[in-house]
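Take a look at the structure below.
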Amino acid sequence: MKIEPQPRAWLAEFVGTLSLVFVGSMSAAVAFETLDGGAAGVVMAALAHGLILTALIYALGAVSGCHINPAVTIALAAIGKFPLRLAPGYIVAQLAGAVVGAGLHAWIRAEGATQYGLPLPAAGVTDGQALLIEAALTFLLVSAIVGSAVSSKAAQGFHGLTIGLTLAASWLVGGALTGAALNPARSFGPAVAALNFDSLWVYWLGPILGALLGAVVSAVIHNLREEMDGQAT
């Protein structure tokens, strides 16, 4: 994957993560504060997350790859599909964008019961259960990314839709249980805005572990090592 010069890629990651966190946190807040977290609210938030991610992939993917997720950046670097030396800059840009996106949310509307759409384990869901949910759903998300956007065998042009639909489906499953962050930046921005860092470790460790496992398993399924060896020769 061709990466643009770093300042442009950083800006794309900043803008993309800002957009995802702003739209995602706003939709989650409306879903659980205005629509009481019912089925209609969960579907609305799932669509909002999936649609904005789909749009951002097509808008920014050619510049930075549109990771907009530290777990994705770490996972792709781990399987050799992203330069490790670029990872720190990407992650800093993503976290900065998340803070600004959540700050914009905080400036527009009151904190509310969901604290700017901050992902937290629901009542009756332990931190351990939340970690497992976040890891499992991030595994699915990264599997979709590797299979549709990284593997050379994938059908061209459909990766954005595939990844966006996977996020939306994941939100339908986990939105009411954990907030379905699947992304350390998605939890970090609202946590800073609300000054609430309860269970934040769950939303870092779960997605990173799930992303790493998803990337490794998908690399085996799609035989990415053979692709890399072929490119090298």
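For this structure, a couple of remarks:
- Some residue of the range 134-154 being surrounded by fewer than 17 Cβ atoms within 10 Å (Cβ to Cβ), touching a residue at least 40 places away in the same chain (Cβ under 8 Å), charged (D, E, K, R) and not in a helix (DSSP H, G or I): yes
- For the range 77-88, the criterion of being assigned to a helix (DSSP H, G or I) and surrounded by 23 or more Cβ atoms within 10 Å (Cβ to Cβ) is met by none of the residues.
- Residues that are at pLDDT below 95 and crowded, with 24+ Cβ neighbours inside 10 Å within the range 180-218 are absent altogether.
- Entry remark, the range 219-233: residues being over 23 Å from THR166 (Cα atoms) and either part of a helix (DSSP H, G or I) or at pLDDT 95 or above (or both) number 8 in total.
- Filter result for GLY50 (buried (at least 21 other Cβ atoms within 10 Å of the Cβ), under 23 Å from LEU165 (Cβ atoms) and at pLDDT below 95): no
- Criterion violated by GLY117 - all others in (1) closer than 22 Å to LEU53 by Cβ; (2) modelled with pLDDT of 95 or more; (3) surrounded by 19 or more Cβ atoms within 10 Å (Cβ to Cβ) satisfied: (2)
- Residues within the range 130-147 that are polar (S, T, N, Q) and within 11 Å of the chain's Cα centre (by Cα), tallied: 1
- Candidate set: the range 57-76, residues that are under 18 Å from SER151 (Cβ atoms) and not in a helix (DSSP H, G or I); chosen: the one nearest to the chain's Cα centre (by Cα): HIS67
- The residues of the range 7-49 that are in contact (Cβ under 8 Å) with a residue 40 or more places away in the chain and among the acidic types (Asp, Glu), listed by number, are GLU13, GLU33.
- Restricting attention to the range 109-129, the residues being in contact (Cβ under 8 Å) with a residue 60 or more places away in the chain and part of a helix (DSSP H, G or I) number 1.
- Answer from VAL21, VAL42, VAL30 - the residue that is on the phi < 0 side of the Ramachandran plot and surrounded by fewer than 21 Cβ atoms within 10 Å (Cβ to Cβ): VAL30
- Residues that are in contact with a Gly (Cβ under 7 Å, 6 or more places away or on another chain) and not aliphatic (A, V, I, L, M), drawn from the range 189-207: GLY189, PRO190
- Residue within the range 61-70 that is touching a Cys at 6+ places or on another chain (Cβ under 7 Å) and either crowded, with 22+ Cβ neighbours inside 10 Å or farther than 16 Å from TYR203 by Cβ (or both) present: no
- Selection count where residues are within 12 Å of GLY160 (Cα to Cα), without any contact (Cβ under 8 Å) to a residue 60 or more places away in the chain and either in contact with a Phe, Trp or Tyr (Cβ under 9 Å, 6 or more places away or on another chain) or of a type in the set (Ser, Thr, Tyr) (or both), scope the range 53-73: 2
The values are calculated or read from the model by the stated rules, or taken from the named source; none is laboratory data. It should be emphasised that the depicted structure is a prediction, and the values quoted were computed from it without experimental measurement. Cβ sites come from the backbone with ideal geometry, for glycine too, and all protein chains shown count toward neighbours.
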